[in-house]
């Protein structure tokens with residue numbers, strides 16, 4: 001069995017766009033007629049440029065190869081151009097291809113991917129959700145309203161979720177880490193207080209940031225949140241200096257979680273060695289794929305660290321996350337995004353039920369991918385999947401972070 005053909009599908013989810021402006025799906029076909037699907041989570045270049053990168057990685061390192069040879073193909077891509085170091089764009093392209101290879105291998109053996117990764121360790125997987133506006137909420141007001149966030153938290157917990165994530169801590173900018181405004185700290189505390197009072201001990205609080213702060217600013221904010229005992233303090237500083245995470249971890253009594261912008265076990269291992277984080281949040285469509293993150297889970301286990309796969313993408317990366325999560329002993333939980341479009345793209349073949357996900361039993365990724373629906377929603381904009389603002393933190397007028405929802409500029 002050899003890999004012969006690649007197709008790339010770029011899909012734009014309808015408003016409000018939870019999961020990003022577009023999703024990049026890969027479709028691989030073998031000489032035996034088997035088809036596998038994957039997803040690329042990489043956003044540093046335009047989607048049409050990323051498509052060219054995916055095609056190049058496929059032609060150089062994957063085409064004509066047996067899909068079983070995951071390790072060989074990974075080493076080719078990782079070493080491409082005399083690099084042998086983490087490259088988020090190349091590894092993002094490879095990740096989508098690698099996930100599709102696992103889908104093919106499972107279909108060839110009539111077994112789910114988790115069965116090929118060591119079997120099912122977890123019968124069900126704890127899910128968590130970001131807090132999004134409810135239908136009656138004002139979309140603009142929601143992101144700076146502790147009261148509305150608390151309402152959304154109650155609704156999520158009533159549906160069975162035992163952990164909810166929110167990020168009221170101001171902007172993420174191209175300027176790197178900054179000191180939070182006092183209003184950002186006060187608003188963050190108010191969110192924690194309102195949500196904790198609304199849900200009590202029925203669920204964990206997951207305090208999200210996106211690398212907004214410098215080391216000292218992250219420590220100031222983290223210490224202010226300690227009385228509410230969040231389960232994690234997510235990506236408190238930018239990912240370009242992994243050594244600094246250890247200083248935050250030593251000063252703040254909240255577990256540090258990070259990883260959505262990291263790629264390969266090499267970057268994650270730096271955090272584990274220094275004690276910079278104890279909760280690993282890989283995005284499987286960027287971090288190297290299922291096999292590379294299975295390795296990370298084993299490394300993390302030695303350091304008493306846990307895995308919490310990240311999701312701000314489409315349902316194919318989510319499916320890959322679920323198969324990894326099913327197979328590892330040090331799973332904490334997995335992120336999920338429940339929109340009708342996410343569900344429709346895989347025809348409801350994986351779902352959250354009472355706050356948990358049961359790994360699919362079908363072959364490969366175990367999903368029923370609606371390729372026609374994916375193609376019926378092409379991306380026509382010129383923005384990237386996610387973008388950072390150029391304006392600095394506003395220390396007078398206040399800040400708002402719109403929950404990862406990209407502004408509708410196209």
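The values are calculated or read from the model by the stated rules, or taken from the named source; none is laboratory data. Bear in mind that the values here come from a model prediction, so they are computed numbers and not experimental data. Cβ coordinates were reconstructed from backbone atoms using ideal geometry, including for glycine residues, and neighbour counts include every protein chain displayed.
Results, tabulated for the structure shown:
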quantity	calculated
Test: residue in the stretch 112-125 that is surrounded by fewer than 19 Cβ atoms within 10 Å (Cβ to Cβ), assigned to a loop (DSSP other than H, G, I, E, B) and out of contact with any helix residue (DSSP H, G or I) (no Cβ under 8 Å at 6 or more places or on another chain)	yes
Matching residues in the stretch 158-182 - criterion: being assigned to a strand (DSSP E or B), within 15 Å of residue 392 (Cβ to Cβ) and modelled with pLDDT of 95 or more	178
Failed criterion for residue 103 (all others in (1) modelled with pLDDT of 95 or more; (2) part of a loop (DSSP other than H, G, I, E, B) hold)	(2)
Some residue of the stretch 60-68 being under 19 Å from residue 283 (Cα atoms) and surrounded by 14 or more Cβ atoms within 10 Å (Cβ to Cβ)	no
Residue 129, sole failed condition from (1) in contact with a helix residue (DSSP H, G or I) (Cβ under 8 Å, 6 or more places away or on another chain); (2) more than 30 Å from residue 46 (Cβ to Cβ); (3) assigned to a strand (DSSP E or B)	(2)
Some residue of the stretch 131-145 being in the same structural domain as residue 293 (by TED's automatic domain parsing), under 30 Å from residue 363 (Cβ atoms) and within 19 Å of the chain's Cα centre (by Cα)	no
Matching option when the condition is touching a helix residue (DSSP H, G or I) at 6+ places or on another chain (Cβ under 7 Å) and either in contact (Cβ under 8 Å) with a residue 12 or more places away in the chain or under 17 Å from residue 398 (Cβ atoms) (or both), among 224, 152	224
Scan of the stretch 46-67 for residues that are touching a residue at least 60 places away in the same chain (Cβ under 8 Å) and more than 25 Å from residue 346 (Cβ to Cβ), ordered by number	46, 63, 64, 65, 66
Checking residue 13 against (1) exposed (fewer than 13 other Cβ atoms within 10 Å of the Cβ); (2) touching a helix residue (DSSP H, G or I) at 6+ places or on another chain (Cβ under 8 Å); (3) modelled with pLDDT of 95 or more, the condition it does not meet	(1)
From 120, 75, residue being in the same structural domain as residue 283 (by TED's automatic domain parsing) and out of contact with any strand residue (DSSP E or B) (no Cβ under 6 Å at 6 or more places or on another chain)	120
